[in-house]
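A short write-up of the structure that comes next.
Read-outs throughout are calculated quantities, based only on the coordinates presented, and are distinct from any laboratory measurement. Since this is a predicted model, take the numbers as computed values, not measurements. No Cβ is skipped: glycine too gets one built from the backbone with ideal geometry, and neighbour counts run over all protein chains shown.
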């Protein structure tokens, strides 16, 4: 009776094990890199109907975030400016620029400028913008250095792990009240040490929830 | 010691020398069958043409299994609300069916592991099929917890895999212990079954190669992993088998203990009792042996395996069923005793309600099937009547399903708050899904008996009268 399998089949078990290890390793690495929010969300920078530059308005001209996003300290939802806000200046500055045609149209008709939303919390997450801003969390913690962006892009992963990093260690992320809208300011912990951060969290009674129902209500 | 020997006093009460009568060991392979007869018999089942009854059974089993497939597709497409769960009964048929199927598996592991370590040689002719039963039962069991999570694509949340959501499992929950208990159980059962199969797969490889059936020789040969039956192979094999038996032995006890913790760790009256682990394990082995009898007796009749599954084998299985069934009966009585003796009004109410409340019919079915049925096995005439044993084994299966239903539904439907009391009835989707699992199980089992040796040939040969080196001589 001739052999059913060639002699090379003796190496098969080892080969299968090696292939499996490599395959599983590659799959794990691939999923970890390509299928997590660090890859899927970070860098998202859609083309906006108006080429508004935060680098120019905030970085160079020194506009405060709250000049346009006026309700972010009072409202759970961070608002976008109406065309009226833009026209405060642009009725005089660059009033005929073709780049601002959409804004002028919006101002005349009352239809909103069709901005493309970049940062979005899922429907099953309860997120209150004002609560964060009023408790030492600066814009820069979640949005990155908007004041340096020509085109706004998604900078942080905003995954649940990202939220929990801060909810578990708020002392490393909080800023003085005066520094909240200064995107270049350091955190209390970097400025005055971790103890100062812990003291701020204690004095300001910052108690970020870590239970499921804190955000998934 | 020496004093009494020469004295004239009457003979001592203890005999000088004890010569107990040597009871003949029951023969495990009838009619003094030879090695080649055993090989031909078992391989013949696989090598022969597919019998008509097999196709008929397979077609029916596929139809029945399609109910589970359809039920699951409907559930995934619609949501877990298609099952009949509602406050206060939020655990119902899904967990009943899970515990029912996982319990059935335990007989296979007991036969393969514990009886192996205890050198119970009668295990040899039933262990292969019983282990197959275990694996297929675990498959059926796993369907329910996996799909009851609703969004099944998130079922991986059950495993501690690092993820960007920082979701981590609650290791204080018995439900999480269940995940590990059942997946370990499934893995070890498959390994044990497969290791045992290797020598027999090699036999089939050689037989198919000898008649020139290259495809099947290749397939069996692939899974036989180059088995040549050399001394070295056998010695490695025996060691691997022993180690796996050692690993499986605690699993027989631990898996159903942890399943019982799903209930016992909670605070629901009727669940929160320390008797649950041994009570569940006994029940699991009871139901498992019921299922082994249900499966093996028809196989024995169809394939004419009376010389391999002898009356002695059936006797042994009946006796284990009797023993474990009686333990279960004792547990039922003890639960009532403790409910009264513990003087906890909620516990007391729960047990009165269990027997005489809205689910009295289920309780009656459970007690009559589980306590009365096995008592018939005291009688040799009953054990000798194969048809009757088979019918009784069906009652055991039915009774053990109702045991889980009674425990789960009665305790939840009447818990602490009367304002939330309710009554649970299954939805049609639930009924179909459960009904279909019998098809899933049958499909797998039919494939098993068609394509794999249903008995471990090599092991049976070792327990034949010829294999005994002391055959015909004194056993000293």
request  = All but one of (1) under 22 Å from residue B:441 (Cβ atoms); (2) crowded, with 17+ Cβ neighbours inside 10 Å hold for residue B:269, so report the exception by its number.
outcome  = (1)
remark   = Within segment B:51-89, the count of residues that are out of contact with any helix residue (DSSP H, G or I) (no Cβ under 7 Å at 6 or more places or on another chain) and assigned to a loop (DSSP other than H, G, I, E, B) comes to 3
ask   = Could you list, in sequence order, the residues of segment A:128-143 that are in contact (Cβ under 8 Å) with a residue 24 or more places away in the chain and part of a helix (DSSP H, G or I)?
value = A:129, A:130, A:131, A:133, A:139, A:140, A:141, A:143
message = If I filter segment B:66-73 for residues that are free of Cβ contacts under 8 Å to residues at least 24 places away in the same chain and over 30 Å from residue B:464 (Cα atoms), do I get at least one hit?
response = yes
task = Could you grab me the full set of residues in segment B:219-248 that are in contact (Cβ under 8 Å) with a residue 12 or more places away in the chain, in a helix (DSSP H, G or I) and within 11 Å of chain A (Cβ to nearest Cβ)?
result = B:220, B:221, B:224
request  = Starting from segment B:156-174, take each residue that is within 9 Å of chain A (Cβ to nearest Cβ) and list its partners that are surrounded by 15 or more Cβ atoms within 10 Å (Cβ to Cβ) and in a loop (DSSP other than H, G, I, E, B), counting only C-beta distances under 9 angstrom and pairs at least six apart or across chains.
outcome  = B:163/A:36; B:163/A:159; B:164/A:36; B:164/A:157; B:164/A:159; B:165/A:159; B:166/A:159
key: Residue in segment B:182-212 that is nearest to the other protein chains (Cβ to nearest Cβ), counting only those that are surrounded by fewer than 15 Cβ atoms within 10 Å (Cβ to Cβ) and more than 30 Å from residue B:140 (Cβ to Cβ)   = B:210
request  = Could you identify the single residue in B:321, B:350 that is buried (at least 18 other Cβ atoms within 10 Å of the Cβ) and closer than 30 Å to residue B:127 by Cα?
outcome  = B:321
ask   = Which one is farthest from the other protein chains (Cβ to nearest Cβ) among residues in segment A:168-188 that are surrounded by 17 or more Cβ atoms within 10 Å (Cβ to Cβ) and closer than 21 Å to residue A:211 by Cα?
value = A:174
message = Tally up the residues in segment A:144-167 that are more than 14 Å from chain B (Cβ to nearest Cβ) and in a helix (DSSP H, G or I), please.
response = 3
ask   = Are any of the residues in segment B:411-428 free of Cβ contacts under 8 Å to residues at least 24 places away in the same chain, closer than 27 Å to residue B:143 by Cα and surrounded by fewer than 17 Cβ atoms within 10 Å (Cβ to Cβ)?
value = yes
First in segment B:313-336 and free of Cβ contacts under 8 Å to residues at least 24 places away in the same chain, second anywhere and crowded, with 21+ Cβ neighbours inside 10 Å, Cβ under 7 Å, 6 or more apart = B:336/B:351
Qualifying residue in segment A:202-216 (condition: in contact (Cβ under 8 Å) with a residue 12 or more places away in the chain, surrounded by 13 or more Cβ atoms within 10 Å (Cβ to Cβ) and on the phi > 0 side of the Ramachandran plot) = no
